[in-house]
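Trainee: Attaching a single structure in structure tokens format; questions to follow.
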Amino acid sequence: MKILIADDSRVMRQIVIRTLRQAGYDDHDIVEAEDGADALAKVSSEQPDLVLSDWNMPNMTGIECLQALRASGSAVPFGFVTSEGSAEMRERAANAGALFLIAKPFTEDTFKEHLDGVIA
Amino acid sequence: MTTTDTGARRRASDVRPVITDLIDPATVEAIAAEAWVALIGEDEVLVPLPGELPVDIVSSWVDVVGPWTGSVVLTTARSTAEELSRALLRDTAPAVLDDEDVADAFGEIANVVGGNVKAALPGPSALSLPQVGNAPLVRNPADVCRLDLLWRGEPVAISVQGALPPLPGSTPTRENEVS
């Protein structure tokens, strides 16, 4: 399974990768994107099976990326990993077609809770 | 009879909440404590004791723009910011951390703390990308919720501070908490 991780923070991408491994999802290909525009391009070129994306990023935000993907017909499973976990954000994420929203800070248990059933 | 608006009477729309009306220091401390455990490590605690910040400090912050507008600012010694970054990166930390690594890691801590502070405030509001450097100035001493903490014995200050100056004629609701 190929997982695309989009975050403008290289450190946070490392933490997401580390937490995926700690949660037991350690046998997957990881592709990194540094903002929403990069993620949008890499969904096309890399054909990931899942996108884990930050919300707040330069160039293109995570929600804009998701909206662009759905507008282009892509149904790639998409979840947010973001520091903003308010009810309003969760509703916007769900309405745009996100499977889940994991709020930072997260633990490996948070990842298991949201990703079991999504990651084979 | 002609009356002059002296500014003493304000319209209802002029009433602007200050941060101490919206969030208390215990909530900010709980948010920071959770961020520290999740990001820095399970045994990493923030002790609510003041320490003296050295001269060589660095701040990271995010701005919140909404019914309350201001910044969530973390300030610590430059050396502590490096130590925090190393702890955050754990085994992926390079032998030598460059300024970009520290800005990225220290900024991300402010992003996580700030994002959770924002979620506790009235919305809707927007959160900026994190910035690192010299902290924004305190514009209204009555619009500040400041915590002085120790991490591994080193001082870390967290300031949730309004971006706007006090309204003319406004009365601070609480004593200035800035040391």
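Trainee: Give me the net charge of B:Val64's neighbourhood, meaning all other residues with Cβ under 13 Å from the Cβ of B:Val64; Lys, Arg count +1, Asp, Glu -1.
Mentor: Counting the neighbours of B:Val64, the net charge comes to -2.
Trainee: So which lysines can A:Lys112 reach, going by Cα to Cα under 19 Å and dropping same-chain residues fewer than 8 places off?
Mentor: A:Lys2, A:Lys104
Trainee: Can you give the longest stretch of chain B with no exposed loop site, where a site means trypsin sites (Lys or Arg not before Pro) in a DSSP loop (not H, G, I, E or B) with at most 15 other C-beta atoms within 10 Å?
Mentor: B:12-138
Trainee: Using θ = phi - 60° and the Karplus curve 6.51 cos²θ - 1.76 cosθ + 1.60, what whole-Hz ³J(HN,Hα) does each residue of segment B:55-72 get, with Gly and Pro shown as x?
Mentor: Using θ = phi - 60°, the values come out as 6, 8, 10, 9, 10, 10, 7, 10, 9, 10, 10, x, x, 10, 10, x, 9, 10 Hz.
Trainee: For segment A:2-115, go through all pairs of different Cα atoms, get the mean of 1/r, take its inverse, and jot down that Kirkwood value in Å.
Mentor: Across segment A:2-115, the inverse of the average 1/r is 13.7 Å.
Trainee: Please give me the summed charge of the neighbours of B:Thr80: other residues whose Cβ is under 13 Å from its Cβ, Lys and Arg +1, Asp and Glu -1.
Mentor: -3
Trainee: Going by amide H atoms built from the backbone, whose H comes under 5 Å of the H on A:Ser53, apart from near neighbours?
Mentor: A:Ala6, A:Gly79, A:Phe80, A:Val81
Trainee: List the longest stretch of chain B that has no exposed loop site; here a site is one of the GluC sites (Glu not before Pro) assigned by DSSP to anything other than H, G, I, E or B, with at most 11 other Cβ within 10 Å.
Mentor: For GluC sites (Glu not before Pro) (loop position, at most 11 other Cβ atoms within 10 Å), the longest site-free span of chain B is B:53-174.
Trainee: Under a straight-distance cross-link criterion of Cα-Cα below 18 Å, which aspartates and glutamates are reachable from B:Lys118, leaving out those fewer than 8 residues away in the same chain?
Mentor: Output for B:Lys118: A:Asp54, A:Glu84, A:Glu88, A:Glu91, B:Asp21, B:Asp24, B:Glu29, B:Glu34, B:Asp63, B:Glu108, B:Asp143.
Trainee: If you don't mind, there's one more thing I want to ask. Report the Cα centroid-to-centroid distance between segment B:24-46 and segment A:1-71 in angstrom, as an integer.
Mentor: That distance is 26 Å.
Trainee: Then there is this: How many Å³ per residue does the convex hull of the Cα positions in segment B:17-162 occupy?
Mentor: 103 Å³
Trainee: Provide the convex hull volume over Cα atoms per residue for the protein assembly as shown, in Å³.
Mentor: For the protein assembly as shown, the hull spanned by Cα atoms encloses 151 Å³ per residue.
Trainee: For the residue pair B:Leu137 and A:Ser45, what label-to-label distance in nm results when each label sits 7 Å from Cα along the Cα-to-beta-carbon direction?
Mentor: Here the modelled spin labels are 4.6 nm apart.
Trainee: Between B:Glu100 and B:Asp24, what is the FRET efficiency for a Förster distance of 30 Å, r being their Cβ-Cβ separation, to the nearest 0.05?
Mentor: 0.25
Trainee: Taking only DSSP H segments of four or more residues, each worth -39500 (n - 2.57), what value at 222 nm results for the protein assembly as shown once the sum is divided by all its residues, to the nearest 500 deg cm²/dmol?
Mentor: -10500 deg cm²/dmol
Trainee: Right, another one. Scan around A:Ile30 for amide H atoms under 5 Å from its own, H built in the peptide plane at 1.01 Å from N, and keep only partners 5 or more places away or cross-chain.
Mentor: A:Ile3
Values in this text are rule-based calculations from the coordinates and carry no lab data. Because the structure is a prediction, the values reported are computed rather than measured. We place every Cβ from the backbone using ideal geometry, glycine too, and count neighbours over all the protein chains shown.
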